[in-house]
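The values are calculated or read from the model by the stated rules, or taken from the named source; none is laboratory data. For clarity, every value in this text was computed on a predicted model and none was experimentally measured. Quick reminder, even Gly has a Cβ in these numbers, built from the backbone with ideal geometry, and neighbours come from all protein chains shown.
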Amino acid sequence: MQVFKAMFKVMRSRLPSALIYIVCFFAISAIIANASTNDNKFEAKRLDISIFDEDDTPESHALAEIIKKSNDIVEIEKDKDTILDSLYYRRIDYALIINKGYADKLRAGETAELFSSYHLDESFSVVYMGQFLDEYVSTVKAYLSMGEAFDEAVANAEDAMSQNAEVNMLSRIDKGGNSHFSVDFAGYFQYMPYILVSIIISVVSLVLVTMNKKDIRYRTNCSCLKESSYTFQLFLGSFLFVFIIWLLFMIGGMILNKEFYTGRAWYAVLNSFIFAVVVGTMAVLVASFEPKDNVLNLITQVLGLGMSFFCGIFIPVEVLSDKVLSVARFLPAYWYVRANNMIADITQFSLNEVIQCYLIQLGFAAAMVIITLLVRKVKYSGAAIGTAVKKAAAAEH
């Protein structure tokens, strides 16, 4: 197993670059997992608002009190430059001016020019306050239209606007009790293909290119080591590296998600393993053409980013055109993503179709193994013949 041992000695020099991908992927996954598991209760964001009450009536005071309940009031000087500076430096999110005559206009059913405001852009705070004020005015008008007195309409509107509904964010899909696959955690498997392609091809292909250099190849062909044994050891070493990388991701996923090995997550685990094998065979095939380092980096990025954008890894499949998807079907990542979407219930789950996606990916792997064997047989068989001719010529002299 001399070739097998030599491979892992060469791999050590490429581990730092692989670790960068791994650490970044785990860091981003941990942040997403932590954000999704902290608290599933929805809480409205409190805005920093300055209120300038030019009407100074009980009705305008009532509106200001309602706003204070769900936002933080910031007292600043009523000066245009001061207000704009506060908005620019984010000391406040919104400056509301209750115009003079607010109560009289509201009592008369008028809604125009009740308020003025200062804001920097059409941000969330602007939309939120606009909707809030429209809802409040509409609620008062609704009570007035029912024949209530103005004071009662304002009081009832205040009560109605003060009601809060408890909202719980669902982070898990459970259709019929069969799916315990976290929706957020499905993204962990969704983006894994790009990392697998980047790591495996950049490491395995470079190691194989090093092992296939002319001097090493000629020396190997002159030895008693059979070509089939040499190729087998290359495949074995590549597969072992792929398995170790895949296992690291599975262990990391188990740490990030406590229910990793439950429900349909098993299908996602198998799907990721099959795709890792596909990428391993892809790396061996790329190495058979002996690309230079800069060309190999280019190939890695083209394959990783190309499949990520064309096959639905970075961009949802739903927004991709039919022409793009027709091309993507000839790439293994498309079938990986298709299976992952069914497992996560993004599309309708069908076990038969998931298995079909598995088999198609394995078909890609088998095809690349066959092509690799043919390339190696054609490309490197000449080395042994050339060496034998040189030996015969030297013997004649």
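Taking SER60, is it at pLDDT below 85, under 26 Å from ASP151 (Cα atoms) and surrounded by 11 or more Cβ atoms within 10 Å (Cβ to Cβ)? Against the criterion (at pLDDT below 85, under 26 Å from ASP151 (Cα atoms) and surrounded by 11 or more Cβ atoms within 10 Å (Cβ to Cβ)), SER60 does not qualify. Within segment 322-339, the set of residues being out of contact with any Leu (no Cβ under 8 Å at 6 or more places or on another chain) and crowded, with 19+ Cβ neighbours inside 10 Å comprises PRO332, ALA333, TRP335, TYR336, VAL337, ARG338, ALA339. It is to be established whether one or more residues within segment 343-356 are among the polar types (S, T, N, Q), assigned to a helix (DSSP H, G or I) and within 26 Å of GLY263 (Cβ to Cβ). Yes, that holds for at least one residue. Please verify whether ALA33 is farther than 30 Å from VAL207 by Cβ, at pLDDT below 80, among the aliphatic types (A, V, I, L, M) and part of a loop (DSSP other than H, G, I, E, B), treating the condition exactly as stated. Considered against the rule, which asks whether it is farther than 30 Å from VAL207 by Cβ, at pLDDT below 80, among the aliphatic types (A, V, I, L, M) and part of a loop (DSSP other than H, G, I, E, B), ALA33 comes out as no. The helices (runs of 4 or more DSSP H) falling completely within segment 103-196 that include 1 or more residues that are aliphatic (A, V, I, L, M) and modelled with pLDDT of 80 or more map to 124-145, 150-162. Considering segment 247-294, the residues that are surrounded by fewer than 18 Cβ atoms within 10 Å (Cβ to Cβ) and of a type in the set (Lys, Arg) include one that is farthest from THR210 (Cα to Cα), namely LYS258. Residue check: is GLY312 part of a loop (DSSP other than H, G, I, E, B) and buried (at least 22 other Cβ atoms within 10 Å of the Cβ)? Yes: the conditions hold for GLY312. All conditions but one from (1) within 20 Å of the chain's Cα centre (by Cα); (2) surrounded by 23 or more Cβ atoms within 10 Å (Cβ to Cβ) apply to VAL319; the one that does not is (2). Restricting to segment 368-397, count the residues that are modelled with pLDDT of 85 or more and surrounded by fewer than 14 Cβ atoms within 10 Å (Cβ to Cβ). Here the count works out to 2.
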